[in-house]
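Let me begin by presenting the structure, written as structure tokens, before commenting on it.
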Amino acid sequence: MKILLIEPPFERFQGVKRSFFTLGIAYLAGYLAGQGHEVKIYDAEHSRQSEYTPYAEAAKGYIKYIEGLNNKDHPIWQEVDAQIRDFAPELIGISCPTVKYEPALKIAAIAKEISPEINVALGGCHPTVMAVEVLGDDNVDFVIRCEG
């Protein structure tokens, strides 16, 4: 099975550079690849154009996050769309801490616009605690609770 694992954007909308990679998604990719699946990780939080920004300064950019989240033509969403189309996954797994719940749902909607046949799973702390709410979204097919 072709599986695309996605880390949704949040700080990237604010122009903040993140200097770490979430290991959980890498561990999951390694396990799935070991089971014979074709796996790709797409970290939508990463951008070469972003700069290191002190958190106090980054907090002032929250409005950029809101604007980007609600702009379907934002370059980040175009990049997400292109990544999904290029890889053509059968399943998309989206990391979903609470702060990234809205971007995760946006990615799920983009996936279903591309092909309703793509299965979408959300995992992480928000789906673990709020599974019924998350499954109430028409674009989410599965919730992974606790450790993936």
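The values are calculated or read from the model by the stated rules, or taken from the named source; none is laboratory data. This is a predicted model, so every value here is computed, not measured. As a convention, Cβ positions derive from the backbone with ideal geometry for all residues, glycine included, and neighbour counts pool all protein chains shown.
Take residues that are surrounded by 13 or more Cβ atoms within 10 Å (Cβ to Cβ) and touching a helix residue (DSSP H, G or I) at 6+ places or on another chain (Cβ under 8 Å) and tell me which of the helices (runs of 4 or more DSSP H) falling wholly in the range 69-148 contain 2 or more.
Numbers: elements: 75-87, 101-114, 125-129, 131-135.
Per the criteria, 75-87, 101-114, 125-129.
Conditions tested, residue by residue: (1) farther than 19 Å from residue 126 by Cβ; (2) of a type in the set (Val, Ile, Thr); (3) modelled with pLDDT of 95 or more.
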| residue | (1), (2), (3) |
| --- | --- |
| 39 | yes, yes, yes |
| 53 | yes, yes, no |
| 86 | yes, no, yes |
| 89 | yes, no, yes |
| 110 | no, yes, yes |
Next on the checklist: I need every pair where a residue in the range 99-123 that is of a type in the set (S, T, N, Q) has its Cβ under 7 Å from the Cβ of a residue that is at pLDDT 95 or above, sequence separation at least 6 or different chains.
Outcome noted: 119/90; 119/91; 119/141; 119/142
